[in-house]
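A short write-up of the structure that comes next.
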Amino acid sequence: MPTVTTSDGVEVFYKDWGSGQPIVFSHGWPLSADDWDAQMMFFLAQGYRVVAHDRRGHGRSSQVADGHDMDHYADDLAAVVEHLDLRDAIHVGHSTGGGEVVRYLARHGESRAVKAAIIAAVPPLMVQTETNPGGLPKAAFDDFQHQVATNRAGFYRDVPEGPFYGFNRDGVEPVEGIIANWWRQGMQGGAKAHYDGIVAFSQTDFTDDLTKIRLPVLVMHGDDDQIVPYADAGPLSAELLSNGILKTYNGFPHGMPTTHADVINADLLEFFRS
């Protein structure tokens with residue numbers, strides 16, 4: 001399997017298909033590069049080089065005990081980019097991966113990148129604080145950690161069966177293959193990485209990172225996102241970005257790159273070519 005070894009000795013698995021301008025995909029919690037199948041196949045057919053890695057502790061990457069924070073996530077992404085010598089890259093991040101992309105661009109600069117898109121992403125800050133009253137209570141994320149530590153297999157069915165893809169909404173028919181694939185990806189990763197990752201995606205404040213980014217960023221968010229609520233995420237990120245473009249999707253769920261891949265792929269392609 002193709003891997004790159006980071007400066008702290010973690011083997012990070014990646015996929016690298018095709019040629020042309022590179023698109024680098026960063027996945028959400030607690031998934032893997034496989035969650036980008038619909039995008040990678042589509043953009044490969046459009047003549048792009050598509051790259052996606054498994055975050056440390058996720059998928060086929062090393063299940064290490066430490067380093068499950070946004071700085072390490074960004075540094076691991078940088079290791080993949082530099083190992084493959086990617087230039088003029090477009091970065092796309094979903095959910096936690098959107099935070100990873102934002103931290104990477106702010107921390108490592110934009111010399112190798114030209115555009116980015118963040119989809120249903122966690123920035124600017126998910127948890128509720130005095131200065132972020134619209135965030136979700138910390139108790140909600142504490143419960144997530146409890147579930148991962150004590151009932152991971154069951155929890156990893158409940159999330160995709162319910163709020164992640166909006167299958168708990170009236171009139172929405174659950175798709176067993178999508179649910180099972182979410183479970184498969186989640187259970188392939190490590191419990192410790194997923195446990196610590198909840199703190200990383202919920203408590204990291206990306207406000208300063210967003211203000212440092214100068215390249216064009218498409219902010220895509222569904223207004224029925226039950227995981228990363230729309231009002232405290234997409235619009236605020238777009239406002240903080242100097243060159244942010246907000247695109248709101250009526251009724252779309254958190255997992256819209258999968259449930260509405262045709263729409264998302266078309267809008268990404270238009271943005272990349274503009």
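The values are calculated or read from the model by the stated rules, or taken from the named source; none is laboratory data. Since the model is a prediction, treat every value here as computed from it, not as a measurement. Neighbour counts are summed over all protein chains in view; Cβ atoms, including those assigned to glycine, are modelled from backbone coordinates with ideal geometry. Heavy atoms of the whole protein, side chains included, go into the accessibility calculation; ligands, DNA and RNA do not. Shrake-Rupley method; radii C 1.70, N 1.55, O 1.52, S 1.80 Å.
Identify all residues within the stretch 212-229 that are over 23 Å from P137 (Cβ atoms) and open to solvent by 60 Å² or more (accessible area, probe 1.4 Å); write none if there are none.
Passing the criteria: K212, R214.
For T248, the test of being among the β-branched types (V, I, T) and open to solvent by 60 Å² or more (accessible area, probe 1.4 Å) is passed.
One residue alone among V127, V101, V122, V114 is of a type in the set (V, I, T), modelled with pLDDT of 95 or more and open to solvent by 30 Å² or more (accessible area, probe 1.4 Å), and that residue is V114. You will find that of D232, D208, the residue that is open to solvent by 60 Å² or more (accessible area, probe 1.4 Å) and of a type in the set (D, E) is D208 and no other. Of the residues making up the stretch 138-162, those that are closer than 19 Å to Y195 by Cα and either not in a helix (DSSP H, G or I) or not charged (D, E, K, R) (or both) number 17.
Is it true that some residue in the stretch 71-83 is in a helix (DSSP H, G or I), under 21 Å from F271 (Cβ atoms) and either open to solvent by less than 40 Å² (accessible area, probe 1.4 Å) or modelled with pLDDT of 95 or more (or both)? Lay out the reasoning, then the answer.
Going through the stretch 71-83, the residues in a helix (DSSP H, G or I) turn out to be 71-83.
Now restrict to residues that are under 21 Å from F271 (Cβ atoms): 77, 81.
Now narrow it down to the ones that are either open to solvent by less than 40 Å² (accessible area, probe 1.4 Å) or modelled with pLDDT of 95 or more (or both): 77, 81.
Within the stretch 71-83 (the criterion being in a helix (DSSP H, G or I), under 21 Å from F271 (Cβ atoms) and either open to solvent by less than 40 Å² (accessible area, probe 1.4 Å) or modelled with pLDDT of 95 or more (or both)), the answer is yes, since at least one residue qualifies.
Restricting attention to the stretch 209-219, which residues are in contact with a helix residue (DSSP H, G or I) (Cβ under 7 Å, 6 or more places away or on another chain) and not in a loop (DSSP other than H, G, I, E, B)? Those that are in contact with a helix residue (DSSP H, G or I) (Cβ under 7 Å, 6 or more places away or on another chain) and not in a loop (DSSP other than H, G, I, E, B): D209, L210, T211, K212, L218, V219. Of all residues in the stretch 158-184, those that are in contact with a helix residue (DSSP H, G or I) (Cβ under 6 Å, 6 or more places away or on another chain), over 16 Å from P257 (Cβ atoms) and touching a residue at least 24 places away in the same chain (Cβ under 8 Å) total 1. Taken over the stretch 1-57, the criterion of being in a helix (DSSP H, G or I) and in contact (Cβ under 8 Å) with a residue 24 or more places away in the chain is satisfied by A33, D34, D35, W36, A38, Q39, M40, F42, F43, L44.
Close contacts from the stretch 258-274, counting a first residue that is farther than 15 Å from I23 by Cα and touching a residue at least 40 places away in the same chain (Cβ under 8 Å) and a second that is open to solvent by 20 Å² or more (accessible area, probe 1.4 Å) and part of a helix (DSSP H, G or I), with Cβ to Cβ under 7 Å and a gap of 6+ residues or different chains, come to T258/A38; T258/I178; A261/A38. Restricting the first member to the stretch 135-151 and to residues that are in contact (Cβ under 8 Å) with a residue 40 or more places away in the chain and of a type in the set (S, T, N, Q), and the second to residues that are surrounded by 13 or more Cβ atoms within 10 Å (Cβ to Cβ) and part of a helix (DSSP H, G or I), the beta-carbon pairs closer than 6 Å and six or more apart or on different chains are Q145/Y195; Q145/I198. The residue list Q39, Q63 contains one member that is on the phi < 0 side of the Ramachandran plot, among the polar types (S, T, N, Q) and either open to solvent by 10 Å² or more (accessible area, probe 1.4 Å) or in contact with a Gly (Cβ under 9 Å, 6 or more places away or on another chain) (or both), which is Q63. Would you check if there is a residue in the stretch 85-93 being open to solvent by 10 Å² or more (accessible area, probe 1.4 Å) and within 18 Å of A200 (Cβ to Cβ)? So far as the stretch 85-93 goes, no, none of its residues is open to solvent by 10 Å² or more (accessible area, probe 1.4 Å) and within 18 Å of A200 (Cβ to Cβ).
Note on the stretch 162-180: among residues that are crowded, with 18+ Cβ neighbours inside 10 Å and of a type outside the set (A, V, I, L, M, F, W, C), the one that is nearest to G255 (Cα to Cα) is Y165. Restricting Q145, Q185 to those that are closer than 21 Å to P229 by Cα, open to solvent by less than 40 Å² (accessible area, probe 1.4 Å) and within 21 Å of the chain's Cα centre (by Cα) reduces the list to Q145.
Of the numbered criteria (1) of a type in the set (S, T, Y); (2) within 30 Å of I245 (Cα to Cα); (3) in a helix (DSSP H, G or I), the one T131 fails is (3).
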